[in-house]
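Comments concern the structure below.
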Amino acid sequence: MKTHFQKLFYIVLFFFKSPKGLYFWGCFFLASSKVLQTIAFFLPIKVLIMLGSEKMPKYLSPFSEYMNYNDVLVFLIAIVPVVYVMHLAFGIFFRLLIDKDVARFTQKEYHVDGYGNANLGKLKRLHNHTSKAFSDIIVFLLTSVILLLINPILTLAIWVVTLLNLSLFVKKAFYVHDDTRITILKLHKRQFVEYIASSNYLIVFALLVVQMYLVSGEIYGAILALLLSRQLFQAVQRFSIENIYFSKLI
């Protein structure tokens with residue numbers, strides 16, 4: 001008997017066969033939109049800190065021969081709206097591509113290799129929810145790459161915590177009935193996932209504080225790492241909640 005994730009794999013593989021890669025590129029644009037949103041939040045914070053410090057960040061010192069402090073500030077201020085508009089545009093591209101892809105399904109029933117038959121209504125629901133879940137996997141990968149460049153040790157710690165989270169969610173939340181309450185706090189399974197995923201942010205914050213205290217790292221990198229970590233755990237949370245939905249649908 002195929003497992004939950006094996007079924008999902010075959011379903012996503014079926015959607016990957018869309019013409020011109022509409023499904024994949026739609027998911028990629030949604031993931032990119034979310035990453036750009038975080039960067040759009042970070043840049044104004046960076047500008048405000050630079051205005052308060054009135055000096056060039058250390059990691060930008062190699063560019064001091066070509067750009068002075070004011071040039072860097074003007075450049076950063078100018079790209080804030082650009083990044084934000086790109087975030088909105090990529091979100092629009094996602095919806096256009098996904099809607100165009102799902103419109104090709106017109107038959108009453110389809111056969112999905114490795115999974116079985118699915119009627120049109122079910123297939124469209126799977127298309128909608130798997131596109132969001134797959135985009136969150138891409139968000140996780142993109143964010144991890146950026147975090148690896150900023151803070152490799154923190155990234156490895158986040159990966160370990162994420163694996164522990166997913167194994168806990170599979171064991172405690174994915175397959176329990178909606179009426180079942182989890183832990184002594186009597187949490188609904190979605191609450192359980194949300195609270196656990198949110199609490200990971202505190203772990204990252206604590207690790208960054210320790211790193212900054214012991215190593216005295218770059219404040220800009222620490223803030224960006226904190227924001228990206230939050231986004232990464234939000235992606236894990238959304239992916240897990242989508243899988244609670246899949247556990248009933250597939």
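Put in line by how crowded their Cβ is, counting other Cβ atoms within 10 Å and starting with the fewest, 75, 169 read 75, 169. The value for segment 4-249 of Rg(Cα) / (2.2 N^0.38 Å) is 1.18.
Comparing 109, 65, 218 in a Gaussian network model of the chain (Cα springs below 10 Å), the most mobile by mean-square fluctuation is 65.
Within the listed set 33, 135, 167, the residue fluctuating most in the Gaussian network model of the chain (springs between alpha-carbon atoms under 10 angstrom) is 167. Over the chain, DSSP H runs of length four or greater, each weighted -39,500 (n - 2.57), average out per residue to a 222 nm ellipticity of -27000 deg cm²/dmol.
Among 101, 179, 113, the largest mean-square fluctuation in a Gaussian network model of the chain, built with springs joining Cα atoms closer than 10 Å, belongs to 179. Please name which of 221, 153, 195 has its Cα lying farthest along the dipole of segment 4-249 towards the positive end, using unit charges on Cβ (Lys, Arg +1; Asp, Glu -1) and the Cα centre as origin. Selected residue: 195.
List the residues whose amide H sits under 5 Å from the amide H of residue 18, counting only those 5 or more places along or on another chain, with H placed 1.01 Å from N in the peptide plane. Amide H neighbours of residue 18, under 5 Å, 5+ apart: 23.
So how tilted is helix 152-172 from the main axis of the chain? Cα-based, degrees 0 to 90, rounded to 10. Rounded to the nearest ten degrees, it is 30. Sequence-distant contacts, meaning Cα pairs under 8 Å at least 6 residues apart, place the relative contact order of the chain at 26 percent.
Every read-out reported here was derived from the displayed coordinates using simple, explicitly stated rules and does not represent laboratory data. Note that the coordinates shown come from a computational prediction; the quantities given were computed from them, not determined experimentally. Cβ: placed from backbone, ideal geometry, glycine included. Neighbour counts: every protein chain shown.
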